[in-house]
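Taking it in order: structure first as structure tokens, then the write-up.
The values are calculated or read from the model by the stated rules, or taken from the named source; none is laboratory data. All values reported here derive from a predicted model rather than from experimental measurement. Here Cβ is always computed from backbone atoms with ideal geometry, including for glycine, and neighbour counts include all displayed protein chains.
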């Protein structure tokens, strides 16, 4: 998940520096946080579709409602929120209505609707290019068992989207289940897009105009029943981790070294039954949630091989809620947020200790109804 900071460059640098270090050491933010305002924008999939904007307290991880289940312009079954890296605009991907709703946000948590654009049928993921100039949506437009498609949108100066070029087909099917939510990621400074598919992580080269070209990289997962759900590239772009749903007892985490957008030989581990969305900390530690149990897992990642080594506290219990499907670090990198999806209307924050383990948690359920994918804005006053 992407992190946004609007404000003084010096404070932004301080935030980034406090999240960096060795692979097994995390320092908590020690800068003055009085002027930092963090916000989480959370998609609520049902009943009619909405999103909730919450203010996050950097010092203690608690949250407060700023915008209560905003519904204007939201389509049917919103599943993901992505924020723009350069301007205060965010996008909501609506699965059932196959649209993207576009919004601006002010520093009080207010949202203004900018309109919608169509996606292919059955959209599964949406990513914003690091430059902010393009948005990509991956969709299983003809259902399971057939090639998916990726649609490209140009971003205007006000953040609104317009489709450009023809949709590009994926080599493999994007999914075995149209209800799944996915996430792709970029490497090589935005020059490569890595897409989760059935039995494959597919890499596309990105041209200066945002056009996608399929590469000859194989990067298969070794089993036709394996389906990649989430792809995350480590900060520094030297490793990639993919959450892979399997037909076996446990799901797997595949990891790859990355060099200029090219994935090396993979390794994998099988830690739990139903793993879902994950996220990297700025120092390269990786965290992933469980889709059906109140658990989260954390790992150190070898920067040369991509191999994962579990933190000593695995699995880490979620004390409130019944699952932890969607996870992401807040922009300060001090704590993880997670939502549980259908039937688990809780937002949970868990703090990261000196070795990346969780040392405490807070939770709330205000204004959440079947929450799903979320993203962050940070403003500096």
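Residue check: is residue 224 free of Cβ contacts under 8 Å to residues at least 12 places away in the same chain, farther than 21 Å from residue 129 by Cα and not in a strand (DSSP E or B)? Taking the combined requirement at face value, the residue does not satisfy it.
Looking at 306, 210, 289, which is the one that is within 25 Å of residue 140 (Cβ to Cβ) and in a loop (DSSP other than H, G, I, E, B)? Explain how you work it out, then say what you get.
On the way: 306 fails: within 25 Å of residue 140 (Cβ to Cβ); 289 fails: in a loop (DSSP other than H, G, I, E, B).
So the residue among 306, 210, 289 that is within 25 Å of residue 140 (Cβ to Cβ) and in a loop (DSSP other than H, G, I, E, B) is 210.
Which residue, of 109, 138, is touching a residue at least 12 places away in the same chain (Cβ under 8 Å) and over 26 Å from residue 54 (Cβ atoms)? Being touching a residue at least 12 places away in the same chain (Cβ under 8 Å) and over 26 Å from residue 54 (Cβ atoms) holds for just one of 109, 138, which is 138. Under the condition of being farther than 21 Å from residue 173 by Cα, out of contact with any helix residue (DSSP H, G or I) (no Cβ under 8 Å at 6 or more places or on another chain) and free of Cβ contacts under 8 Å to residues at least 60 places away in the same chain, the residues counted in the range 119-134 number 1. Of all the criteria given as (1) touching a residue at least 60 places away in the same chain (Cβ under 8 Å); (2) part of a loop (DSSP other than H, G, I, E, B); (3) surrounded by 24 or more Cβ atoms within 10 Å (Cβ to Cβ), the one not satisfied by residue 282 is (3).
To keep it simple, each residue is scored yes or no on (1) more than 20 Å from the chain's Cα centre (by Cα); (2) modelled with pLDDT under 90; (3) in a loop (DSSP other than H, G, I, E, B); (4) closer than 25 Å to residue 233 by Cβ.
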residue: 277; (1), (2), (3), (4): no, no, no, yes
residue: 312; (1), (2), (3), (4): yes, yes, yes, no
residue: 341; (1), (2), (3), (4): no, yes, yes, yes
residue: 344; (1), (2), (3), (4): no, yes, yes, no
residue: 350; (1), (2), (3), (4): no, yes, no, yes
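Of 89, 74, 81, all but one fail to be without any contact (Cβ under 8 Å) to a residue 60 or more places away in the chain, out of contact with any helix residue (DSSP H, G or I) (no Cβ under 9 Å at 6 or more places or on another chain) and buried (at least 21 other Cβ atoms within 10 Å of the Cβ); the exception is 74. Scanning the range 210-243 for residues that are touching a helix residue (DSSP H, G or I) at 6+ places or on another chain (Cβ under 9 Å) and under 26 Å from residue 165 (Cβ atoms) yields a single hit, 237.
With respect to residue 162, determine if the residue is surrounded by fewer than 19 Cβ atoms within 10 Å (Cβ to Cβ) and either touching a residue at least 60 places away in the same chain (Cβ under 8 Å) or in a strand (DSSP E or B) (or both).
Details: surrounded by fewer than 19 Cβ atoms within 10 Å (Cβ to Cβ): yes; either touching a residue at least 60 places away in the same chain (Cβ under 8 Å) or in a strand (DSSP E or B) (or both): yes.
Answer is yes for this residue.
Kindly check whether there is at least one residue in the range 118-135 that is assigned to a loop (DSSP other than H, G, I, E, B) and over 20 Å from residue 183 (Cα atoms). Before the answer, list the steps.
First pass over the range 118-135, keeping only residues assigned to a loop (DSSP other than H, G, I, E, B): 119-122, 129-133.
Next cut, over 20 Å from residue 183 (Cα atoms) only: none.
There is no residue in the range 118-135 that is assigned to a loop (DSSP other than H, G, I, E, B) and over 20 Å from residue 183 (Cα atoms).
Among the residues of the range 247-263, the ones that are closer than 19 Å to residue 308 by Cβ, in a loop (DSSP other than H, G, I, E, B) and in contact (Cβ under 8 Å) with a residue 60 or more places away in the chain come to 0 in all. Only residues that are within 28 Å of residue 309 (Cβ to Cβ) and not in a strand (DSSP E or B) were counted across the range 355-381, and they come to 3.
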